[in-house]
There are 2 protein chains.
Amino acid sequence: MGWRTLTEAASTVNGLRYLLAPMPNDPLRIEMTRGALVESVHHVAVAIVDAKNHLVAAAGDPDSVTWWRSAAKPFQALPLLQDGAAEHFAFSDEELALACASHSSEPCHLEVVSRLMARLGFSDEDLSCGVHTPLSPAVALAVARGEAVPSARWSNCSGKHAGMLALARHHEWPTRGYNAAGHPVQDRILAEVARWSGVPASQVAQSVDGCTAVCFGLPLRAMALAYARLGASGEAEPRRIVAAMSAHPLLVAGSGRLCTDLMFAWPGQVISKVGAEGIYCAALPALALGVALKVEDGETRAAGVALLEVLERLLARVAPGQGPDFRAAELARHGRQALFNTRGTATGEVRVAGSLRFLAA
Amino acid sequence: MGWRTLTEAASTVNGLRYLLAPMPNDPLRIEMTRGALVESVHHVAVAIVDAKNHLVAAAGDPDSVTWWRSAAKPFQALPLLQDGAAEHFAFSDEELALACASHSSEPCHLEVVSRLMARLGFSDEDLSCGVHTPLSPAVALAVARGEAVPSARWSNCSGKHAGMLALARHHEWPTRGYNAAGHPVQDRILAEVARWSGVPASQVAQSVDGCTAVCFGLPLRAMALAYARLGASGEAEPRRIVAAMSAHPLLVAGSGRLCTDLMFAWPGQVISKVGAEGIYCAALPALALGVALKVEDGETRAAGVALLEVLERLLARVAPGQGPDFRAAELARHGRQALFNTRGTATGEVRVAGSLRFLAA
């Protein structure tokens, strides 16, 4: 009987055993250990691109095509600025940050979206997003206890949807059906996604997101390019998006969440945006770099760990001495760490294996 | 820029692109689609073994070593019968089923464990398992609402722990520390795990489980052998375990859970037991077969889908016409199915790709 750990078994593909020894470019993976064995493995594909579309580093296949999910939000918000809707409706930075958010339904988030909706004259009935368990454990508990009854504005995507409604109103497009493919709002956003990602609109895949809005499918490399360009752009509109997200990290995600903690830990130097099913994107404006990663199995528990690891390795290589303090508690709790059971006994760890491949300049 | 879906990218290993075309033995995987793309992929390793230790079918690497987690419970309960503790303490079939359970903390589970603990003279303080959110959504909601305060007996593993305490009491071993490696209870269980799995005790890996008890590490193939032998055994003790689990599917898991629904759907013909981090095991007593599978990334959402798929393919091959109705609602809801978003719109599906390799007899 053969004796291989799952780590080694991960090198067994299609029933054939190649590569039992780690390769120089062994795939990046987040490993959950228990005792002496790797219990579960998450494979991660990464693309790091500069604003001129040079691939700087990668793991797995940077050309993997997947859904951008909520990591598309800054680009879904950009038309608000470019088309004059944000100016016309006097969007504050808080409201722009919330339009880019996957928020936790905390009071601060509900207050900002409610203020925006009231000013625009929209109600919950106008929002096409559905109700889900709030991402904030505290808010979710309050809902479970019947202390609050969530409505559409409680959706983590409500800021995005309010922004889409504002765009429709500004252009005097119908607000009804604003979320669906083919509506002028979605066509306008598709054009923006194409512009920043470098993928022709006709080649951007489209589907329905968890919140009913259009979801965009792109290679990771194109997502990273869009973020690199967003951060490095000299145009007023992307600069306002970056400034709004940088100024209001709590509104972009929520208490204790990595997007929020990372932007607080390295103010003005990083924009980060999570997406469902293991997507994470980031822009490093001063370095004109964009990062996009996907956990192949969609596991969120691995995506944040992977983002921190990739950023730390990237900065060590391209900007030594720069970056947040990855060992500070606020960040470390999202990264590599010990695992404990229901009685607080250490059972294993979340660790990182494999390589981020740096490409010759 | 290359255009590959993640399905194809999954064939990109260690940065080299082999096998872009599916192989005859392409790996078994559970795919979560959205629109036209596979969004997330779960790789599954499977071992199907008969009671004489012939490998009947496999996917991925059947010799992968991983933790048995809660799928070890029937073997952790066996010493109760073999050493006379079950007879001495007059264990009912309900109590034996609960000793093999990862239960949902529903009233029926709490009633059985409470009755057993009271008869044995043990209290919550004697149990080493910690408190966690109940697996039953309804019970978890009641706890969140403060309508119930969970204690150690609410742990999904409380039946196993009560059984371990009973074994210690029966042998007049100390009950304190019964959960830890090196305690006579755990040594006794280790010997039983070794006997059924065919792995020498000295080669069985040990670590700490989520509930603080010893967790055993084995190749999937050895887990499958243990289940095949358990189901096919003519000895009174394993027959009693199989009978108790078969007679009380609700006690082994809980309302709406796959273990329970599968044993109700094919009464007396299947014993199934889930474990944390993507483990699933099953015995088919009449066919003298055992099944063990592991989702490489530990995702529970894929483990049940994989078990149903593997059982359906196995039965079609080795026992056509036998088996439960996999299309009946009670089972189908755990398997391949459409996915919907927060507004009930179909967004994709959970589907199965790849092969289960059948080996020549």
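The values are calculated or read from the model by the stated rules, or taken from the named source; none is laboratory data. Keep in mind that what you see is a predicted model, and the values were worked out from it rather than measured. Neighbour counts are summed over all protein chains in view; Cβ atoms, including those assigned to glycine, are modelled from backbone coordinates with ideal geometry. The area values use the complete protein model at the heavy-atom level, side chains included, leaving out ligands, DNA and RNA. Shrake-Rupley method; radii C 1.70, N 1.55, O 1.52, S 1.80 Å.
Look at (1) crowded, with 24+ Cβ neighbours inside 10 Å; (2) away from chain A (no Cβ under 13 Å); (3) out of contact with any Asp or Glu (no Cβ under 6 Å at 6 or more places or on another chain) and you find that B:Phe75 fails only one, number (3). Of all residues in the range A:56-72, those that are more than 10 Å from chain B (Cβ to nearest Cβ) and under 23 Å from A:Leu287 (Cα atoms) total 5. When B:Met223 is tested against the conditions (1) closer than 17 Å to B:Glu277 by Cα; (2) facing another protein chain (nearest Cβ under 10 Å), the lone failure is (2). Tell me yes or no: at least one residue of the range B:201-212 is without any contact (Cβ under 8 Å) to a residue 24 or more places away in the chain, open to solvent by less than 30 Å² (accessible area, probe 1.4 Å) and of a type in the set (A, V, I, L, M, F, W, C). Checking the range B:201-212: at least one residue is without any contact (Cβ under 8 Å) to a residue 24 or more places away in the chain, open to solvent by less than 30 Å² (accessible area, probe 1.4 Å) and of a type in the set (A, V, I, L, M, F, W, C).
Pick from the range B:161-174 the residues that are over 17 Å from B:Glu125 (Cβ atoms) and in contact with a Pro (Cβ under 9 Å, 6 or more places away or on another chain): which of them is surrounded by the most Cβ atoms within 10 Å (Cβ to Cβ)? Per the criteria, the residue is B:Gly163. Beta carbons closer than 6 Å, at least 6 apart along the sequence or on distinct chains, pair a first residue in the range B:133-156 that is of a type in the set (Val, Ile, Thr) with a second that is assigned to a helix (DSSP H, G or I) and at pLDDT 95 or above for B:Thr133/B:Ala140. In the range B:92-123, of all residues being part of a loop (DSSP other than H, G, I, E, B) and over 23 Å from the mean Cα position of the chain (by Cα), the one that is farthest from B:Ser70 (Cα to Cα) corresponds to B:Gly121.
If you go through the range B:175-189 and keep only what is farther than 22 Å from A:Phe340 by Cβ, open to solvent by 20 Å² or more (accessible area, probe 1.4 Å) and in contact with a helix residue (DSSP H, G or I) (Cβ under 7 Å, 6 or more places away or on another chain), you end up with B:Thr175, B:Pro184, B:Arg188.
Taken over the range A:127-148, the criterion of being away from every other protein chain (no Cβ under 12 Å) and either within 19 Å of A:Ser92 (Cα to Cα) or open to solvent by 30 Å² or more (accessible area, probe 1.4 Å) (or both) is satisfied by A:Leu135 alone. In the condition set (1) within 26 Å of A:Pro238 (Cβ to Cβ); (2) out of contact with any strand residue (DSSP E or B) (no Cβ under 7 Å at 6 or more places or on another chain), A:Pro134 is compliant with all but (1).
Looking for whichever is open to solvent by 20 Å² or more (accessible area, probe 1.4 Å) and either touching a strand residue (DSSP E or B) at 6+ places or on another chain (Cβ under 7 Å) or under 25 Å from A:Ala276 (Cα atoms) (or both) here; the options are A:Ser114, A:Ser40. Which one fits? Lay out the reasoning, then the answer.
Details: A:Ser40 fails: open to solvent by 20 Å² or more (accessible area, probe 1.4 Å).
Answer to the check: A:Ser114.
For A:Ser151, state whether it is polar (S, T, N, Q) and more than 10 Å from chain B (Cβ to nearest Cβ). Yes: the conditions hold for A:Ser151.
Only residues that are more than 13 Å from B:Ala77 (Cβ to Cβ) and within 14 Å of chain A (Cβ to nearest Cβ) were counted across the range B:159-185, and they come to 5.
One line per residue, one yes/no per condition, for (1) modelled with pLDDT under 95; (2) part of a loop (DSSP other than H, G, I, E, B); (3) touching a strand residue (DSSP E or B) at 6+ places or on another chain (Cβ under 7 Å); (4) not aromatic (Phe, Trp, Tyr):
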{"position": "A:Ala21", "(1), (2), (3), (4)": "yes, yes, no, yes"}
{"position": "A:Thr33", "(1), (2), (3), (4)": "no, no, yes, yes"}
{"position": "A:Ala45", "(1), (2), (3), (4)": "no, no, yes, yes"}
{"position": "A:Lys52", "(1), (2), (3), (4)": "no, yes, no, yes"}
{"position": "A:Ala58", "(1), (2), (3), (4)": "no, no, yes, yes"}
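Give the number of residues within the range A:193-220 that are more than 14 Å from every other protein chain (Cβ to nearest Cβ) and among the acidic types (Asp, Glu).
Filtering the range A:193-220 down to residues more than 14 Å from every other protein chain (Cβ to nearest Cβ) leaves A:193, A:195-196, A:201.
When the remaining residues are screened for being among the acidic types (Asp, Glu), the result is none.
Counting residues in the range A:193-220 that are more than 14 Å from every other protein chain (Cβ to nearest Cβ) and among the acidic types (Asp, Glu) gives 0.
When residues in the range B:238-279 are screened for being out of contact with any Phe, Trp or Tyr (no Cβ under 8 Å at 6 or more places or on another chain) and within 14 Å of chain A (Cβ to nearest Cβ), 2 of them pass. Residues in the range A:119-155 that are touching a Phe, Trp or Tyr at 6+ places or on another chain (Cβ under 9 Å) and aliphatic (A, V, I, L, M): A:Leu120, A:Val131, A:Val139, A:Val143, A:Ala148.
Need a quick list: strands (runs of 3 or more DSSP E) entirely within the range A:232-336 having at least 2 residues that are more than 17 Å from A:Leu135 (Cβ to Cβ), open to solvent by less than 30 Å² (accessible area, probe 1.4 Å) and in contact with an Asp or Glu (Cβ under 9 Å, 6 or more places away or on another chain). Break it down stepwise before answering.
Working: elements: A:271-275, A:279-284, A:289-295.
Here the list reads A:289-295.
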